[in-house]
Amino acid sequence: MYCGDSLGTAIDHFEPIKLAPLRAFDWLNHFLACEYCNSNAKRAEYPCDPLTGACLLVDPSAEDPYDHLQLVLNTGRYRAKTRKGEATIATFRLDRWQLERARRDAFDRCEDMLRGYARLLSSGEHQRAQIRAEALLRQPHADVLYAMVRTLDAPGAALVLDDDIAGILRTRFTVPSRWRA
Ligand SMILES: [Zn+2]
């Protein structure tokens, strides 16, 4: 969860135990996170709206992060679309340079893998293509692939996504229906 680097070694209590001791053993309050996100970035932070009391962090188990965060693919940087997005970037330090560099790398890697996937499909190697597609979904920073899919219908998509990449994404990778507008 959170940074998407796929190095989950810690369990984060989304709503910190300090604030909600009764949720200490609530399964739905446990997220697998990396050590940095859990112990260095978020710690016991849980920003809430002072008026409504509503949590200002995007809950990745229940919300589409894309509603609150936009990934600029060629810089690897997240931009906040909402106040919640802003608090999420700040709390999890999603703007750390290591993550931005890793997301830029992941963007290049996704393009290469998507082209390889399309080549395998067109030469009739469906099983190898399937393995390639699964690896693509498992790789660190899979949020980049997701952002590529979400960028397809955004204005200016053609500036960041080549036609061939856009074509593969459009026909083979879709947004979960519960999050589709
Ligand atoms: Zn992390």
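Tally up the residues in the range 84-141 that are of a type in the set (Gly, Ala, Ser) and in the same structural domain as Leu56 (by TED's automatic domain parsing), please.
Summing the residues that are of a type in the set (Gly, Ala, Ser) and in the same structural domain as Leu56 (by TED's automatic domain parsing) in the range 84-141 gives 3.
For the subset of the range 1-46 comprising residues that are in a helix (DSSP H, G or I) and among the small types (Gly, Ala, Ser), which member is farthest from the ligand (Cβ to nearest atom)?
Among those that are in a helix (DSSP H, G or I) and among the small types (Gly, Ala, Ser), it is Ser39.
Does at least one position in the range 35-48 carry a residue that is open to solvent by less than 30 Å² (accessible area, probe 1.4 Å) and within 30 Å of Ala154 (Cα to Cα)?
yes
Working only within the range 47-75, note down all residues that are among the polar types (S, T, N, Q) and either in a loop (DSSP other than H, G, I, E, B) or within 16 Å of the ligand (Cβ to nearest atom) (or both).
Hits for the range 47-75 are Thr52, Ser61, Asn74, Thr75.
Kindly provide the set of residues from the range 1-34 that are loosely packed, with under 12 Cβ neighbours inside 10 Å and of a type in the set (Lys, Arg), ordered by number.
Lys18
Report every pair of residues separated by at least 6 positions or lying on different chains whose Cβ atoms are under 6 Å apart, first residue within the range 81-96 and not in a helix (DSSP H, G or I), second not charged (D, E, K, R).
Pairs that qualify, where the first residue is not in a helix (DSSP H, G or I) and the partner is not charged (D, E, K, R), are Lys81/His68; Lys81/Gln70; Thr82/His68; Arg93/Ala41; Leu94/Tyr78; Asp95/Ile89.
Here's a check for you: in the range 3-38, which residue that is of a type in the set (Asp, Glu) and within 17 Å of Leu57 (Cα to Cα) is nearest to the chain's Cα centre (by Cα)?
Looking at residues that are of a type in the set (Asp, Glu) and within 17 Å of Leu57 (Cα to Cα), I get Asp12.
Condition test on Tyr78, is it open to solvent by 70 Å² or more (accessible area, probe 1.4 Å) and within 14 Å of the ligand (Cβ to nearest atom)? Quick ask: steps written out before the conclusion?
Numbers: open to solvent by 70 Å² or more (accessible area, probe 1.4 Å): no; within 14 Å of the ligand (Cβ to nearest atom): yes.
No, not satisfied.
Can you tell me which of (1) of a type in the set (S, T, N, Q); (2) part of a helix (DSSP H, G or I); (3) under 23 Å from Gln70 (Cβ atoms) is the one Gln127 doesn't meet?
(3)
Between a residue in the range 149-160 that is under 24 Å from Ala133 (Cβ atoms) and any residue that is acidic (Asp, Glu), which pairs come within a Cβ distance under 6 Å, given they are 6 or more apart or on different chains?
none
The values are calculated or read from the model by the stated rules, or taken from the named source; none is laboratory data. Here the structure is a predicted model, which is why all the values come from computation and not from measurement. Every residue, glycine among them, receives a Cβ derived from its backbone with ideal geometry; neighbour counts consider all protein chains shown. Surface accessibility is based on the protein's heavy atoms, side chains included, excluding ligands, DNA and RNA. Shrake-Rupley method; radii C 1.70, N 1.55, O 1.52, S 1.80 Å.
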